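Colleague: My questions all concern the structure below.
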Amino acid sequence: DILRKKLPKAKVADGDIGENILIRGPPSLATKAGALKVGMLLGLGDTAVVEIKHINKPCYRLLNVPWSQEAQAKYDYEHKDPGGMVLKQWFRHPSLPLNVDTHPGGRGYLAKVVTEGHVRDGDAVTVLTRPPS
């Protein structure tokens, strides 16, 4: 939703940034109180359980989404890779929720399935365990 507000003319669709499951509930930004954290177990629906393993980082594939040109025009941002090559990567702009340095967790998280189960649209998401602080 934050990305849609930042790019109101782009038609950002669910799944465009590689997400497989979208949830409402705990904040995704790791800096907010009550946020999702690496190591947390989440219950999805009646039986599925996932463990949050990593903060997801954006990658070059975001340059291929249908609305990427509009995003680059609005958030023209150059980034140097470790080899010193300058790359135009709009998604690394510090004000966008996809930037892992300024918005950790804004791109989402990678999770491992601990217990398989059926998950349907509208199913409850429950925090089962929180990692130690």
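Colleague: How much accessible area per residue does the chain have, counting only protein heavy atoms and a probe of 1.4 Å, in square angstrom?
Modeller: For the chain, the per-residue accessible area is 66 Å².
Colleague: Same structure, new question: Compute the FRET efficiency between Glu116 and Ala35 as 1/(1 + (r/R0)^6), taking r as their Cβ-Cβ distance and R0 = 22 Å, and round to the nearest 0.05.
Modeller: Step by step, r from the Cβ atoms, then E = 0.25.
Colleague: Give Lys11/Lys80; Lys57/Lys88; Lys5/Lys112; Lys32/Lys57; Lys11/Lys57 a once-over and call out the pairs whose C-alpha atoms are over 23 Å from each other.
Modeller: In this structure, Lys11/Lys80; Lys5/Lys112 exceed 23 Å between Cα atoms.
Colleague: For a quick check of your reading of the filter: which GluC sites (Glu not before Pro) in segment 23-128 sit in a DSSP loop and have no more than 12 other Cβ atoms within 10 Å?
Modeller: Of the GluC sites (Glu not before Pro), the ones in loops of segment 23-128 whose Cβ has at most 12 other Cβ atoms within 10 Å are Glu116.
Colleague: Ignoring ligands, DNA and RNA, how do His93, His118 rank by accessible area with a 1.4 Å probe, largest first?
Modeller: The residues order as His118, His93, largest area first.
Colleague: Roughly speaking, to the nearest percent, how much of the chain's 1.4 Å accessible area is carbon and sulfur?
Modeller: 52 percent
Colleague: Using a 1.4 angstrom probe on the protein heavy atoms only, line up Tyr60, Tyr75 by accessible area, largest first.
Modeller: Tyr60, Tyr75
Colleague: Compute the length gained on full extension between Cys59 and Arg24: take 0.36 nm times their separation in residues and subtract their Cα-Cα distance, giving the result in nm to one decimal.
Modeller: 10.2 nm
Colleague: In whole percent, what relative contact order does the chain give with Cα contacts below 8 Å and a gap of six or more residues?
Modeller: 34 percent
Colleague: Could you compute how much accessible surface Ser95 exposes when probed at 1.4 Å, giving the result in Å² to the nearest 10?
Modeller: 40 Å²
Colleague: Still on this structure, please answer the following. Which distance in nm do the two modelled labels at Ile2 and Thr102 give, with both placed 7 Å along the Cα-to-Cβ direction?
Modeller: The two pseudo-label positions are separated by 1.1 nm.
Colleague: To the nearest 10 Å², what's Ile52's accessible area with a 1.4 Å probe?
Modeller: Ile52 exposes around 10 Å² with every protein chain in place.
Colleague: What FRET efficiency comes out for Thr126 versus Lys80 if R0 is 30 angstrom and r is the Cβ-Cβ distance? Round to the nearest 0.05.
Modeller: Given R0 = 30 Å and the Cβ-Cβ separation, E is 0.10.
The values are calculated or read from the model by the stated rules, or taken from the named source; none is laboratory data. All values derive from a computational prediction rather than experimental measurement. Note: ideal-geometry Cβ built from the backbone for every residue, glycine included; neighbour counts use all protein chains shown. For the accessible areas, the whole protein counts, side chains as well, though only heavy atoms, and no ligand, DNA or RNA atoms are used. Shrake-Rupley method; radii C 1.70, N 1.55, O 1.52, S 1.80 Å.
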